[in-house]
Amino acid sequence: MDDELRERIEREAEKHALLNAVKHDSDADVGAIMGPLMGENPDFRQHGGEIPGLIGPVVAEVNRLSAGEKRDRLEDLAPEELAEMEAEEEADESLLPDLPNVEEYDEVRMRAAPNPNGPWHLGHARMPAVIGTYKEMYDGSFIVRFDDTDPETKRPDLTAYDAILDDIDYLGFEPDDVIRASDRVETYYDYARELIEMGGAYTCSCSGEAFSNLKNDGKPCPHRDKDPETTREEFEDMVEGEYSSGEMVLRVKTDIEHKNPALRDWVAFRMIDTPHPREEAADYRAWPMLDFQSGVDDHLTGVTHIIRGIDLQDSAKRQQFVYDYFGWDYPEVVHWGHVQVDAYDVKMSTSSIKELIDAGEVEGWDDPRVPTIKSLRRRGIRGQAIVGAMVGLGTSTSNVDLSMSTVYANNRDLVDDETDRYFLVRDGEGFAVEGGPDSAHPPLHPSFEERGTRDIPVGDSVLLESGDVPAEGERVWLKGFGAVRREGDSLVATGDDLDVVREGDVAVIHWAPTDGVPVRMRTMDGDVTGVAEPDFGDVPEDELVQFERVGFVRVDDRGDDETVVYFAHK
């Protein structure tokens, strides 16, 4: 490495150390700035082995400055980047817009209303992430209401209730109240009876096709003007299960000539022959439609603000008719667009994922190939990383794209300092080693010397990844061991010092002894096998580590023949 390059590295290191210190209002950290430094200066990467030692004194010098001096120095070195960082910080403080008319409410109360027809995919995380964040912003309440009143087309999965609550806990939030709509059917009946007495609902035995034709023509159903007593009697017959599916419905009387046909005399209750899977609700046959059930529950639980998809704008308009009958004030509504997630070949759909599981094409809801919260959790992604990415999308009415790179970057910030380093060689090639030390002792973490080192015995031979194998006569630097030259099937220690790396003549690579720990790494693209250094065998299950030059992984299972890890990200 020549003096010009050395000075450039030190200058860039000072800038990134100052950015790191000012951003976090703390001392800079060598490990924290290595990623941005290398990312912005890819030509530094060939000197990766020596850069931590080179920039360490620079970081120490930055840390001697006061907070004011750090900012002043950064303004001299990189005024545009300082301004951009401060603008981002200001924006970060208000990533979510203020909720409408919050000053009119004593307490902000919001609800997530999942349908428990299966575990959550990644898109489902957006609602609790945003509601939970609003709860913290306003010191409000977060209600989870399971909208499980459709035992047929969106049939509840009995395991999903606890699975969803577990996902919410993983994301870092605790609901103030948990409600199951299927426990509240009698309440919905009571409000339906009141609506009937008001003349706001009527029973209808028209076929779906017949009513659709009348509705689209703006003509009233022949049952619309029946007296409340007859409607009440027929509704009680519905409650008693006297009708079969499709024979009778209860409709909310709206405006049969409304410009939007979807709002004309919509169905509030229907008959469903399929029993609910919950034993407590298995005897009911007359079930409320979502717009009726949800509207009543939002009022009774004091919900002040609702977030729902832009495609559900008609729900608020339907429910407004019910609210008008009862004289209730409708909650504030925020509509947002759908979220799409990149990086997956599997469709982000509960039913689609379930079909793949049932067909044996994926192994379960936590298979690394499926876009589910359980999958990310098993891979070692922190819930906080997902929340940060979801909140960053805001509440735009436009459809938004979530880049998994954002989730990974958030997670990297959370776990980098605490994850020890190890070597994993994937499908390696073996070489005998001649000369040099009997073992290598690289640090457990390059930024925390106090954690100590690993002991990697060289033995008779080592494994190199195929892409790292040097050509005949070429040298490489085995990280933690030293420089070797390839001579046939052997790697011969050369005794060169670190200057050969600093000067860019020799690449730094990782390696492992051939008798190391067999590893199966489960990834989004399938399983990868390899061998890790022996000390990795002492890492407990559920621990997150970083395989150097490979990425972060979570230790999943210590089997007799191999250790299974789940790949998180680079």
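Scanning the range 128-170 for residues being buried (at least 22 other Cβ atoms within 10 Å of the Cβ) and within 16 Å of residue 372 (Cβ to Cβ) gives a total of 5. Checking the condition of a type outside the set (Val, Ile, Thr) and surrounded by 14 or more Cβ atoms within 10 Å (Cβ to Cβ), which residue from 10, 107 passes? After applying the criteria, what remains is 10. Contact map, the range 45-73: residues that are surrounded by fewer than 13 Cβ atoms within 10 Å (Cβ to Cβ) paired with residues that are among the small types (Gly, Ala, Ser), Cβ distance under 9 Å, separation 6+ or inter-chain. Pairs shown: 67/21. Pairs linking a residue in the range 496-512 that is modelled with pLDDT of 90 or more to a residue that is part of a loop (DSSP other than H, G, I, E, B) and of a type in the set (Gly, Ala, Ser), with Cβ atoms under 9 Å and 6 or more positions apart or on different chains, are 508/48; 508/49; 510/480; 511/428; 511/480; 512/428. Of everything in the range 195-213 that is surrounded by 18 or more Cβ atoms within 10 Å (Cβ to Cβ) and outside any loop (DSSP other than H, G, I, E, B), the residue that is modelled with the lowest pLDDT is 211. Of all residues in the range 268-277, exactly one satisfies the criterion of being closer than 19 Å to residue 232 by Cα and either open to solvent by 40 Å² or more (accessible area, probe 1.4 Å) or free of Cβ contacts under 8 Å to residues at least 24 places away in the same chain (or both), namely 270. Does residue 427 satisfy being under 22 Å from residue 496 (Cβ atoms) and acidic (Asp, Glu)? It is false that residue 427 is under 22 Å from residue 496 (Cβ atoms) and acidic (Asp, Glu).
Condition check ((1) assigned to a strand (DSSP E or B); (2) open to solvent by 50 Å² or more (accessible area, probe 1.4 Å); (3) over 29 Å from residue 562 (Cβ atoms); (4) of a type outside the set (S, T, N, Q)) across all residues:
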{"position": "387", "(1), (2), (3), (4)": "no, no, yes, yes"}
{"position": "397", "(1), (2), (3), (4)": "no, yes, yes, no"}
{"position": "406", "(1), (2), (3), (4)": "no, yes, yes, no"}
{"position": "410", "(1), (2), (3), (4)": "no, no, yes, no"}
{"position": "431", "(1), (2), (3), (4)": "yes, no, no, yes"}
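Residues in the range 547-560 that are open to solvent by less than 40 Å² (accessible area, probe 1.4 Å) and modelled with pLDDT of 95 or more: 9 in all.
Based on what the data block shows, is residue 563 among the hydroxyl-bearing types (Ser, Thr, Tyr) and open to solvent by 20 Å² or more (accessible area, probe 1.4 Å)?
Taking the combined requirement at face value, the residue does not satisfy it.
Selection over the range 12-39 of residues that are without any contact (Cβ under 8 Å) to a residue 40 or more places away in the chain and within 20 Å of residue 83 (Cβ to Cβ) gives a count of 7. The residues of the range 221-260 that are of a type in the set (Ser, Thr, Tyr), part of a loop (DSSP other than H, G, I, E, B) and farther than 25 Å from residue 315 by Cα, listed by number, are 243, 244.
Out of all the residues in the range 1-60, which are touching a strand residue (DSSP E or B) at 6+ places or on another chain (Cβ under 7 Å) and part of a helix (DSSP H, G or I)? Answer for the range 1-60, where residues must be touching a strand residue (DSSP E or B) at 6+ places or on another chain (Cβ under 7 Å) and part of a helix (DSSP H, G or I): just 46. In this structure, residue 323 does not satisfy being among the hydroxyl-bearing types (Ser, Thr, Tyr), closer than 30 Å to residue 418 by Cβ and touching a helix residue (DSSP H, G or I) at 6+ places or on another chain (Cβ under 9 Å).
Looking only at residues that are part of a strand (DSSP E or B) and of a type in the set (Lys, Arg) in the range 489-546, which one is surrounded by the fewest Cβ atoms within 10 Å (Cβ to Cβ)? Filtering the range 489-546 for residues that are part of a strand (DSSP E or B) and of a type in the set (Lys, Arg), the one surrounded by the fewest Cβ atoms within 10 Å (Cβ to Cβ) comes out as 520. Counting only residues that are open to solvent by 50 Å² or more (accessible area, probe 1.4 Å) and among the basic types (Lys, Arg), the range 13-25 holds 1 of them. Take the residues of the range 26-44 that are within 32 Å of the chain's Cα centre (by Cα) and among the charged types (D, E, K, R): which is surrounded by the fewest Cβ atoms within 10 Å (Cβ to Cβ)? The qualifying residue surrounded by the fewest Cβ atoms within 10 Å (Cβ to Cβ) is 40. Among the residues of the range 455-488, the one identified as polar (S, T, N, Q) and surrounded by 15 or more Cβ atoms within 10 Å (Cβ to Cβ) is 461.
Filter the range 444-477 down to the residues that are in contact with a helix residue (DSSP H, G or I) (Cβ under 8 Å, 6 or more places away or on another chain) and more than 22 Å from residue 569 (Cβ to Cβ) and list them by number.
Restricting attention to the range 444-477, the residues satisfying the condition of being in contact with a helix residue (DSSP H, G or I) (Cβ under 8 Å, 6 or more places away or on another chain) are 444-448, 454-457, 475-477.
If the condition is that a residue be in contact with a helix residue (DSSP H, G or I) (Cβ under 8 Å, 6 or more places away or on another chain) and more than 22 Å from residue 569 (Cβ to Cβ), then 454, 455, 456, 457, 475, 476, 477 are the ones that fit.
The values are calculated or read from the model by the stated rules, or taken from the named source; none is laboratory data. Keep in mind that what you see is a predicted model, and the values were worked out from it rather than measured. Don't worry about glycine lacking a Cβ; one is built from the backbone with ideal geometry, like all the others, and counts go over all protein chains shown. Each accessible area value is taken on the protein alone, full model and side chains, heavy atoms only, with ligands, DNA and RNA left out. Shrake-Rupley method; radii C 1.70, N 1.55, O 1.52, S 1.80 Å.
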